[in-house]
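Accompanying notes for the structure given below.
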Amino acid sequence: MQASKQFTSIAHPALAALKGRFAQMKLKAMEFRGQVTLLVAAEHLLEVCAFLRDDPAQRYEYLAELHGVDYLNFPGGPGHRFAVNYSLVSIAYNQRLWLKVFLDPTRPCAVGQAPADKGVLEAGDAGLKVASLCGLWPGAEWLEREAYDMFGIIFVGHPDLRRILTWSAFGSYPLRKDYPLRGVGERENYKIVTRQGA
């Protein structure tokens, strides 16, 4: 990604309002190919999103995308291991704004050692916890579950945080860069259900 421009030199209607409303926060914006991304600290995500949704001059009423990123061994990476990207759309004003939250694990990311869904809020890595946006945009529910399932990002306050593509005791997060390409034996050890036994 290109080097970020100065916050004030990027032309996006939401940036001046954000700077005025959150003057005490360190906000950094980047622009790449006409798309503006605002870096937000995890602890401020909910209040920034609530402002963008509820302010009459912004009206970002649609969460279009939410996905995780693993920057492990990424050349010229941001210096953080994980990120969650949020694409917000203001249909009323025909504007799009990306938000990015960086997260860093506080303990080793061992393959096969992930806690089951029921204990993930207590046993999960504190450095990979971020507030759920389901209270602001209910459509975030399945998107957050997928990012949790694939990357191990823990969305605190999610109404039903459990895996959506793998099973509860899967033990790993398959889209992390340190997950083996051939897996760790899940297919070989998986119980085959036949038509007669179903």
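The values are calculated or read from the model by the stated rules, or taken from the named source; none is laboratory data. This one's a predicted model, so the numbers in the text were calculated from it and none came from an experiment. Because the Cβ atoms are built from the backbone with ideal geometry, glycine has one as well, and the counts that use them run over all protein chains shown. When the accessible area is computed, the model is the full protein with side chains, heavy atoms only, and any ligands, DNA or RNA have been set aside. Shrake-Rupley method; radii C 1.70, N 1.55, O 1.52, S 1.80 Å.
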Unmet requirement for Pro115, which otherwise passes all of (1) buried (at least 17 other Cβ atoms within 10 Å of the Cβ); (2) within 16 Å of Leu15 (Cα to Cα): (2)
Qualifying residue in the range 123-131 (condition: surrounded by 17 or more Cβ atoms within 10 Å (Cβ to Cβ), among the small types (Gly, Ala, Ser), closer than 17 Å to Thr166 by Cβ and over 15 Å from the mean Cα position of the chain (by Cα)): yes
Subset of the range 133-162 (residues that are of a type outside the set (A, V, I, L, M, F, W, C) and open to solvent by 10 Å² or more (accessible area, probe 1.4 Å)): Gly135, Pro138, Gly139, Glu141, Arg145, Glu146, Gly157, His158, Pro159, Asp160, Arg162
Condition check for His80: open to solvent by 60 Å² or more (accessible area, probe 1.4 Å), within 20 Å of Asp125 (Cα to Cα) and either aromatic (Phe, Trp, Tyr) or part of a strand (DSSP E or B) (or both): no
